[in-house]
Each structure stands twice: as structure tokens, then as C-alpha cells.
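Take a look at the structure below.
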Amino acid sequence: MTTIEITRRALARDPEGFLVDSGEWTPEIAVEIAQESGIAELTPRHWQVVEFMRERYLETGTAPSIRSLGKESGVPIKELYQLFPKGPAKLAAKIGGIPKPRGCI
Amino acid sequence: MIANRLRRRLDEDEAHITVVDRDDLHVYQPGLLFVPFGLADVDDIVKPRTRQLRRGIAFHEAAVDRVALEDDRVELDDGTILPYDVLVVATGVTLQPEETEGLLGDGWRERMFTFYDVGGAEQLARALDGFNGGRVVVNLVDMPIKCPVAPLEFAFLADSYFTERGIRDRVELTYVTPLDGAFTKPVASERLAGLLASKGIELVTEFAVGEVDGNTGRLVSWDEREVPFDLLVTVPLHGGAGYVARSEGLGDALGFVPTDPQTLRSLARPNVFAIGDATNLPISKAGSVTHFEGEALAENVVRFLAGEELAAAYDGHANCFIETGFGKALLIDFNYETEPLPGRFPTSVGPLSLLEESRLNHLGKLMFPWIYWHVLLPGRDLPGITPEMPERGKERQLDPV
């Protein structure tokens, strides 16, 4: 527990709470960010989405949009909104320790 | 446009250039915004594609079935097979209203419209003409969309249109967006939200449409909020061209071509490039982007054919006029790194102002179709407007918000 406390204090985050360095992410950090965002427990379905996002980001350099998540993560959009209320792509990215998905202008 | 640029760079004995398209109708798409308000005629914004091409460019009218990347050839619906040394994918986007539940159901093209295609814009013109009051909802289902400012412009012009008809007090105008503000980037988003408020247009944010009910007139979000409407003006989901999705290895899940943001070469093959809306780049799907990409892309294609390293780099430069109604418009200018900022354009003394309403910007927008047909489509550059975003004229010192 102490380790997490220390780690968390040392982590740089942007004003919206996204990790600045995605390399500092650990599953423990995911749990903490989820809790502060109002998700009490990360279920296997949550993890499926968070891990998909992270993998995709590390592979391509950009976080997938909600539509790509719905098509490719194996979790339908309706359920994504139940798992991650309001903005699933944004919230799952935050929990996964990757930057906020870049909205295309 | 890219064919014209390449034809000017390469003699006919150096390269054969063939343009393939499913029809011979080129639409000046920015004009679609004005059709519903009777401010533009379809006849003025649609012209034959063949007339826009330079001499020495072949035109083949057929739909593409698929691209066989491994064989360097394009297979067409009419059975033709076109082998290539270099392929440029410039397919734009496809509207996908069928991806949203209920949108194509009861009420589609009756009380639910889009102005993003010619037929839709004409039908909406008739619907607006017969509209005498009620709730008008302007909505974009999700990004990415072509010209992300167009639905905002539609809301501004609708305010202007109903005011001029003398029925503005009987119309409730609402702008519904999945974004967390009026626009994607903070400075512009705040200014545009202020403009919506000043015109009495209600702004509903973070509303991701999951379902549309045309019988009762309701937008329903994935998280089960509702917005009622009498008349819905929607921008349906966008995807890439069908054949891009069908061609193994060419497109992503949405049918866009994964593309290197600087060189504009596809990640699929070294001899395949992509331009404009067809790419997956994190930048506006807008005509100005395609124009600014054109120079870098043409240069890189020429280099590739000569066996040289690709050198030209696109910086994500984009700009657009935003119609704000009552004969005014504002202008934004930005790139991959720099969000739209206030200031002057194209130099620090203007003459155009950035992120601020003016008549001159509106006149710029009115002049633009001529520039489009006579300068941009032929693949020429505009004097004074560089492909690289100008730093001068942008005000970076902003008051804390």
C-alpha cells in the first residue's frame, strides 16, 4: 500500500488527470484512477476494454475512438457506456494510463 | 486535384495518370451548407469531373471493387484491371446513416434530414420552407466528420434564416454534440460556445446518439438521455470508402487508410499514398487539408518514382471560414500542433481576422467557390497562402480562463 501511495504522488498528470508518461502505468494505478472517477470496482469487462485501449495505443500511437472500441474491443457501445459512464473512450484511456484520445478537428 | 498537380510535374512520357471515379459529378461540398437556406443552387455546385482534369489525364468511370496490394493492381466493377506503380487513394468519406439505430426508419427525409449530400440538402430546403415553428435540433452523431464546423455554421445560419422570416421567436434551436464543448479545441470551443449563447441556441454536450426515434421525434443517447425534436438536422456517422474496407491490408476498422502524418504515404505499402478525407490522420476532414497536403504528396510521389527518399512533410495545416449568419463569418487556421488561435491572417496585419466575426471573412467565403474551381482543383497554389501554417499573426498570449 505504501508503495502505491509513493508511486502515485510521484506521477505527473495533466490538468484533466491523464498520466503524462504512459510508461509509469501499473494495474494498481488503474484501480486508483477508476475509484477516483467513480468506478468502485474494475470487473473483467472493464479490464477487457482498458487492456484493448492500451495495446492499441502502444501499437499505433493513438487511442481508439468509441466507434472503434465498439467494433473491435468485443464490448458493444451500449455496454461501454454502462461500464464507463459519460465518455467511455476518455475514461478508459485515463484508467489505462494513456493520453486523452485526440478529437479530430 | 492531385492528378492535376502530378500532371504538371510529370511529362506524359514519364507517367500515365488515370483517375478512377464512380461518377462524373464533382460536388463543391462547402456549397451544400447554403442549399437548405436557398442561398446556393445545386446546379452551381455540381460540375463534371472530366472538365476539371488537365489534358493528358485519363478518366475511367467505374466503381472500384478492390485493391490487390500484393499485385499492385486495382480491380474495377466493370471487370477492368488497372495495374499501377503508384496508387493515390483519394476516396473521401461515405455517409453511414444506417449505423445509427432508427435513423433510416420512420421520419427519415420527412422530419429527419442531413445536408451532407446533394439530395438531402435539397429535401431540407423544402422542409425548412414549410417549417413554421417548433424544435429544431442540429446534431452530429460522432466524429470524425467532414468539415467539423459545418453543423455549427448550419445552426448559426438557421438562426439568421428564421430571424429574417420573422419566426425566430417560434423556433427553439438546439445544438447537440458528442464533444465536451461546442468544438474540439479549447480556445475556439469557448468562443464558439459564446457565439451560440449570444444567438439563443441551446448547447447540449457529451450527448452520444445511440438511437433516433422518428415517430415521437426523440434523440436518445447511449446513456439514456433524450432530446426531443420536430425537425432534426443530423450529420450521420462517416466511414471510409467501401472498397478500402474490403481491400485486405489497406484500411482500418472504419475504412480509413492508416497514413504517415508527414509523408502521406500509407502504412500498407511503400507505393500507396492517401490524401484528404480518406486518411486516418488526426486532422480535419476538410478541403483545405487536402489542398495543403497536395504539395507534399505530389513531391513525394515524384520522388518515389525517381527512386529517391521521401522528403516533403505536411504539418497538418488547415483553415476554414465559419459562417455565423447575418452576412458575417469568422476564420480559423491551425495545424497538428497549434490549435485555432485569435489574431490576423495570413500575416500579422491581416487583412483577415482569426476567430472573430467580420464581413470581410464572409466575403472571403463567398469568393471561395471561384478559387476552388479555378485555383485549387487545377492543383495550383494561392499566392500568399503557404502549405505551412503561418506563425505570424497568431496571438499566443491569452488571458487565463
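With the structure loaded, tell me whether A:A40 is assigned to a loop (DSSP other than H, G, I, E, B), closer than 28 Å to A:E79 by Cα, at pLDDT 90 or above and small (G, A, S) or whether it fails that test. Lay out the reasoning, then the answer.
Working: assigned to a loop (DSSP other than H, G, I, E, B): yes; closer than 28 Å to A:E79 by Cα: yes; at pLDDT 90 or above: yes; small (G, A, S): yes.
So A:A40 fits the description; yes.
Would the stretch B:76-95 turn up any residue that is part of a helix (DSSP H, G or I) and modelled with pLDDT under 95? Break it down into steps so the answer makes sense when it comes.
Residues of the stretch B:76-95 part of a helix (DSSP H, G or I): none.
For the stretch B:76-95, residues part of a helix (DSSP H, G or I) and modelled with pLDDT under 95: absent.
Only residues that are among the acidic types (D, E) and either without any contact (Cβ under 8 Å) to a residue 12 or more places away in the chain or within 25 Å of B:H362 (Cβ to Cβ) (or both): list them for the stretch B:127-174, please. Steps first, answer last, please.
Here is the first cut: in the stretch B:127-174, the residues among the acidic types (D, E) are B:129, B:142, B:153, B:159, B:164, B:169, B:172.
Answer for the stretch B:127-174, where residues must be among the acidic types (D, E) and either without any contact (Cβ under 8 Å) to a residue 12 or more places away in the chain or within 25 Å of B:H362 (Cβ to Cβ) (or both): B:D129, B:E153, B:D159, B:E164, B:D169.
Only one residue in B:D180, B:D142, B:D159 is crowded, with 20+ Cβ neighbours inside 10 Å, assigned to a loop (DSSP other than H, G, I, E, B) and charged (D, E, K, R). Which one? Explain how you work it out, then say what you get.
Details: B:D180 fails: crowded, with 20+ Cβ neighbours inside 10 Å; B:D159 fails: assigned to a loop (DSSP other than H, G, I, E, B).
Selected residue: B:D142, the only one of B:D180, B:D142, B:D159 that is crowded, with 20+ Cβ neighbours inside 10 Å, assigned to a loop (DSSP other than H, G, I, E, B) and charged (D, E, K, R).
When you go through (1) in a loop (DSSP other than H, G, I, E, B); (2) over 29 Å from B:L267 (Cβ atoms) one by one for B:Y116, which number turns out not to apply?
Among (1) in a loop (DSSP other than H, G, I, E, B); (2) over 29 Å from B:L267 (Cβ atoms), B:Y116 violates only (2).
Select, from B:T174, B:T163, B:T184, the only residue that is out of contact with any helix residue (DSSP H, G or I) (no Cβ under 7 Å at 6 or more places or on another chain) and at pLDDT below 95.
Working: B:T174 fails: at pLDDT below 95; B:T163 fails: at pLDDT below 95.
The conditions single out B:T184.
Among (1) modelled with pLDDT under 95; (2) buried (at least 22 other Cβ atoms within 10 Å of the Cβ), where does B:A245 come up short?
B:A245 satisfies every listed condition except (2).
Just wondering, is there one or more residues in the stretch B:190-201 that are without any contact (Cβ under 8 Å) to a residue 24 or more places away in the chain, more than 14 Å from chain A (Cβ to nearest Cβ) and either within 21 Å of B:G31 (Cα to Cα) or in contact with a strand residue (DSSP E or B) (Cβ under 8 Å, 6 or more places away or on another chain) (or both)? Spell out how you get there, then give the answer.
Restricting attention to the stretch B:190-201, the residues satisfying the condition of being without any contact (Cβ under 8 Å) to a residue 24 or more places away in the chain are B:193-194, B:197-198.
Still in the list and also more than 14 Å from chain A (Cβ to nearest Cβ): B:193-194, B:197-198.
Filter once more, keeping what is either within 21 Å of B:G31 (Cα to Cα) or in contact with a strand residue (DSSP E or B) (Cβ under 8 Å, 6 or more places away or on another chain) (or both): B:193, B:197.
Yes, some residue in the stretch B:190-201 is without any contact (Cβ under 8 Å) to a residue 24 or more places away in the chain, more than 14 Å from chain A (Cβ to nearest Cβ) and either within 21 Å of B:G31 (Cα to Cα) or in contact with a strand residue (DSSP E or B) (Cβ under 8 Å, 6 or more places away or on another chain) (or both).
Suppose the filter is in contact with a His (Cβ under 6 Å, 6 or more places away or on another chain), crowded, with 16+ Cβ neighbours inside 10 Å and either closer than 30 Å to B:G327 by Cβ or not assigned by TED's automatic domain parsing to the domain that holds B:W373 (or both); does B:R49 pass it?
Working: in contact with a His (Cβ under 6 Å, 6 or more places away or on another chain): yes; crowded, with 16+ Cβ neighbours inside 10 Å: yes; either closer than 30 Å to B:G327 by Cβ or not assigned by TED's automatic domain parsing to the domain that holds B:W373 (or both): yes.
The answer is yes for B:R49.
Is there any pair with a first residue in the stretch A:8-24 that is among the hydroxyl-bearing types (S, T, Y) and a second that is assigned to a loop (DSSP other than H, G, I, E, B) and modelled with pLDDT of 85 or more whose Cβ atoms are under 6 Å apart and which are 6 or more apart or on different chains, and what are they?
Correct list of pairs: A:S22/A:G97; A:S22/A:I98.
Restricting attention to the stretch B:202-224, which residues are outside any strand (DSSP E or B), surrounded by fewer than 16 Cβ atoms within 10 Å (Cβ to Cβ) and at pLDDT 95 or above?
Hits for the stretch B:202-224 are B:N215, B:T216.
Restricting to the stretch A:58-99, count the residues that are closer than 16 Å to A:D21 by Cα, more than 10 Å from chain B (Cβ to nearest Cβ) and not aliphatic (A, V, I, L, M).
5
Given the conditions (1) in a strand (DSSP E or B); (2) surrounded by fewer than 20 Cβ atoms within 10 Å (Cβ to Cβ), which single one is not true for B:C320?
It fails just one condition, (2).
Taking the stretch B:301-317, which residues are part of a helix (DSSP H, G or I) and touching a helix residue (DSSP H, G or I) at 6+ places or on another chain (Cβ under 9 Å)? Don't jump to the end; show me each part of the working.
If we filter the stretch B:301-317 for residues that are part of a helix (DSSP H, G or I), which is where we start, we get B:301-305.
Passing the criteria: B:V301, B:V302.
For residues that are of a type in the set (A, V, I, L, M, F, W, C) and in contact with a strand residue (DSSP E or B) (Cβ under 9 Å, 6 or more places away or on another chain), tally how many sit in the stretch A:56-105.
Looking only at that region, the number is 4.
Identify the residue in the stretch B:40-69 that is in a helix (DSSP H, G or I) and hydrophobic (A, V, I, L, M, F, W, C) and, among all such residues, is nearest to B:P30 (Cα to Cα).
Ranking the qualifying residues of the stretch B:40-69, first place goes to B:I45.
Looking only at the stretch A:49-57, decide whether some residue is within 26 Å of B:K146 (Cα to Cα) and within 10 Å of another protein chain (Cβ to nearest Cβ).
No, because not a single residue in the stretch A:49-57 is within 26 Å of B:K146 (Cα to Cα) and within 10 Å of another protein chain (Cβ to nearest Cβ).
Is at least one residue of the stretch B:230-239 charged (D, E, K, R), crowded, with 17+ Cβ neighbours inside 10 Å and away from chain A (no Cβ under 12 Å)? I'd like the intermediate steps shown before the answer.
Residues of the stretch B:230-239 charged (D, E, K, R): B:230.
Retained after the next criterion (residues that are crowded, with 17+ Cβ neighbours inside 10 Å): none.
No: zero hits.
How many residues, within the stretch B:187-197, are modelled with pLDDT of 90 or more, within 18 Å of A:P15 (Cα to Cα) and crowded, with 18+ Cβ neighbours inside 10 Å?
Total satisfying the criteria: 1.
I'd like to verify a number: residues in the stretch B:257-284 that are within 10 Å of chain A (Cβ to nearest Cβ), touching a residue at least 60 places away in the same chain (Cβ under 8 Å) and touching a helix residue (DSSP H, G or I) at 6+ places or on another chain (Cβ under 7 Å), how many? Write out each step before concluding.
To start, the set of residues in the stretch B:257-284 that are within 10 Å of chain A (Cβ to nearest Cβ) comprises B:258, B:261, B:267, B:280-284.
Cutting the leftovers down to touching a residue at least 60 places away in the same chain (Cβ under 8 Å) gives us B:261, B:284.
If we keep only those that are touching a helix residue (DSSP H, G or I) at 6+ places or on another chain (Cβ under 7 Å) as well, we get none.
Total satisfying the criteria: 0.
Taking the residues in the stretch B:212-226 that are away from chain A (no Cβ under 14 Å) and within 26 Å of the chain's Cα centre (by Cα) as candidates, determine which candidate is nearest to B:R73 (Cα to Cα).
Step one: list which residues in the stretch B:212-226 are away from chain A (no Cβ under 14 Å), which gives B:212-219, B:226.
Going one step further and asking which of them are within 26 Å of the chain's Cα centre (by Cα), we end up with B:212, B:219.
Values: B:V212: 41, B:L219: 44 Å.
That would be B:V212.
When you go through B:L360, B:L297, B:L330 one by one, which is the residue that is in contact with a strand residue (DSSP E or B) (Cβ under 9 Å, 6 or more places away or on another chain), assigned by TED's automatic domain parsing to the domain that holds B:R392, modelled with pLDDT of 90 or more and not in a strand (DSSP E or B)? Before you say what the answer is, go through the steps one by one.
Working: B:L297 fails: assigned by TED's automatic domain parsing to the domain that holds B:R392; B:L330 fails: not in a strand (DSSP E or B).
The match here is B:L360.
The values are calculated or read from the model by the stated rules, or taken from the named source; none is laboratory data. These figures come from a predicted structure and were not determined experimentally. No Cβ is skipped: glycine too gets one built from the backbone with ideal geometry, and neighbour counts run over all protein chains shown.
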